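The values are calculated or read from the model by the stated rules, or taken from the named source; none is laboratory data. A quick note: this is a predicted structure, and the numbers were derived from the prediction, not measured. Quick reminder, even Gly has a Cβ in these numbers, built from the backbone with ideal geometry, and neighbours come from all protein chains shown. What goes into the accessible areas is simple: the full protein's heavy atoms, side chains included, and nothing from ligands, DNA or RNA. Shrake-Rupley method; radii C 1.70, N 1.55, O 1.52, S 1.80 Å.
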Amino acid sequence: MSAAQGLAADEFPFTALPVWPEDDHTGDAYDWMRELPLGWEAPGVWGTEGWDLGHWPYEAVAHFDDVLDVIYGLAHYIEGDVTVRAFSSRQARDAATDELALSTWLQVGNGPREGLPARNTPAAEIPARFRGPYRG
């Protein structure tokens, strides 16, 4: 399968997802997370120590895990505007979340205090302690 124009080989158009969160300018990130469509969840924290994933109440992240293991979603809410991406694997979705978390931590300063790589570091080059879902 070839990638759609502008998408990585493991990324689909978001419309391939069965449902997705939409823009919502009526409240904040907490309101948006409460209203996520069925199948979507907001992880809230990321990395080995559970640093904030987002910058509430302005920014939040949500994941979709397909029960058939076919498609995975990533939604990024910023002050009412939502960007949705779809991936062929949980690993690809989580790598995109790794990059998003790094970007937010560097911009907002609400993540790890030391050891973060430079902005735009590819997920594979982000140190392991800053990657992946928090396992608590």
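What the table below lists for this structure:
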{"item": "Sparse-neighbour loop sites [GluC sites (Glu not before Pro); the stretch 92-136; at most 11 other C-beta within 10 Å; DSSP]", "result": "114"}
{"item": "Neighbour cut-off at most 14 other Cβ (10 Å), DSSP loop, chymotrypsin sites (Phe, Trp or Tyr not before Pro), the stretch 2-81", "result": "58"}
{"item": "Förster-model FRET efficiency, 25 Å R0, residue 78 and residue 135, C-beta, rounded to 0.05", "result": "0.40"}
{"item": "Contour excess over end-to-end distance, with Cα ends at residue 120 and residue 65 and 0.36 nm allotted per residue", "result": "17.3 nm"}
{"item": "Neighbour-limited loop hits for chymotrypsin sites (Phe, Trp or Tyr not before Pro), the stretch 79-136 (at most 15 other Cβ within 10 Å; DSSP other than H, G, I, E, B)", "result": "134"}
{"item": "Theoretical gain in end-to-end length, residue 30 to residue 108 [0.36 nm per residue, Cα-Cα removed]", "result": "26.3 nm"}
{"item": "Dipole in debye (nearest 20) - the chain, about Cα centre, beta carbon charges: Lys, Arg +1; Asp, Glu -1", "result": "480 debye"}
{"item": "Per residue solvent-accessible surface (Å²) - the stretch 1-108, probe of 1.4 Å", "result": "53 Å²"}
{"item": "Rg and Dmax of the chain, Cα atoms only, in Å", "result": "14.4, 41"}
{"item": "Positive-end residue, the stretch 40-107 charge dipole about Cα centroid, Cβ charges, pick of 67, 80, 56", "result": "67"}
